[in-house]
Amino acid sequence: MASAAKEERPPLGMLLREWRAARRMSQLDLALEADLSARHLGFIETGKSQPSRETVARLADALRVPLRERNALLLAAGYAPHHPESPLATPALDPMRQAIDLILQHQEPYPAFVLNRYFDVLGANAAAVRINALVMGDRPSVHANLLHQIFDPADFRRVILNWPEVAARFIRQLHEELVATPFDTRARALLNEVLAYPEVPQGWRVRDIAAEPTPIVTLTFASPEGPLRFFETITTFAAPRDVTLDEIRIDCAFPADTHTAEVCARLAQDVT
């Protein structure tokens, strides 16, 4: 089984070429950035030269490769992964977990979520629970993944008043992440899953390279209290050394108008 899994792994040269293409770097550009000769890099990419572990690390640095994919490069080169992937409950991650809890608490009375790179919801503050209950009529979501919640017509999609705008933004983000991490089969599968929901435009199946990125997208919910409008900020850990921390995103929602702020404050007061 281990032998078969190893054979299915893309070779190092292919991975490096894909990463160069994703970063729009020529072989010479990468060689200069990683302090290698272009000849040496060419031999590595064609499989004629076996790079040292340090060389693989320098190439990963030059290509700005995320930690999960750095481990994949090391495996492809015949080395053990360098970066651990620890459950968030691991005692070694206690300080980071406490920092996450502190951010969630300080975001009150406004919603905040903890997500991984695949938009799985790992946690949320009490304000998020209150807003979800308000807009969904106390009916819990059937999905633990934010994108499935947004794209499923039987879930949050039905209460998002500006769904086309919000959904298009997430589709663009997924396409961009696939360009940045071309061998991420899980992200590809997630994109295909959300594209399979009803009434998703056919044009979203391909990346729109002409689309202008919007600086901010407001998420507008229908609710018994009237429309609720939020914008979001994303917090990540700086220079993590663990795959789990590298992929965690804390999504904090802020009211985009006075009415939304007042509703959030009132909901918080009702439970105190």
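Read-outs: derived from the displayed coordinates by stated rules, not from any lab. Every value quoted in this text rests on a predicted model; they were computed, and no experiment measured them. For neighbour counting, all protein chains shown are included, and Cβ atoms are generated from backbone atoms with ideal geometry for every residue, glycine included.
For the residues 82, 148, what sequence is obtained by ranking on other C-beta atoms within 10 Å, fewest first? Display every interim value, and only then the final one.
Details: 82 15, 148 21.
The fewest-first ordering by Cβ neighbours comes to 82, 148.
So for 130, 39, fewest C-beta neighbours within 10 Å to most, what's the order? Spell out each step's value before the answer.
On the way: 130 20, 39 11.
Going from sparsest to densest Cβ surroundings: 39, 130.
Which whole-Hz ³J(HN,Hα) couplings does the range 169-176 yield from phi under the Karplus relation 6.51 cos²θ - 1.76 cosθ + 1.60, θ = phi - 60°, glycine and proline marked x?
Using θ = phi - 60°, the values come out as 5, 5, 5, 4, 5, 5, 4, 5 Hz.
Based only on Cα atoms, what mean projected area does the convex hull of the chain have, in nm²? All intermediate terms of the calculation are to be shown ahead of the outcome.
Working: hull surface 68.6 nm².
Its Cα hull, projected and averaged over all orientations, spans 17.2 nm².
Going by average Cβ neighbours within 10 Å, how do the peptides 184-193, 219-228 rank, with the highest at the top?
Descending mean neighbour count gives 219-228, 184-193.
With the crude spin-label approximation of a point 7 Å out along Cα→Cβ, what separation in nm comes out for residue 142 versus residue 205?
Here the answer is 2.4 nm between the modelled labels.
So, in nm, how far is label residue 232 from label residue 46 when the simple model puts each one 7 Å beyond its Cα toward the Cβ?
4.6
Work out from phi, with θ = phi - 60° and the Karplus expression 6.51 cos²θ - 1.76 cosθ + 1.60, the ³J(HN,Hα) of each residue of the range 97-106, listed in order in whole Hz, and give x for Gly and Pro.
Calculated HN-Hα couplings, in order: 5, 5, 5, 4, 4, 5, 4, 4, 5, 6 Hz.
Quick check: pseudo-label points 7 Å beyond the Cα along Cα→Cβ at residue 193 and residue 270, how many nm apart are they?
In this crude spin-label approximation the distance works out to 3.2 nm.
Given the options 114, 142, 166, state which has the largest fluctuation in a GNM of the chain using a 10 Å cut-off (strictly under) for Cα springs.
Of 114, 142, 166, the Gaussian network model singles out 142 as fluctuating most.
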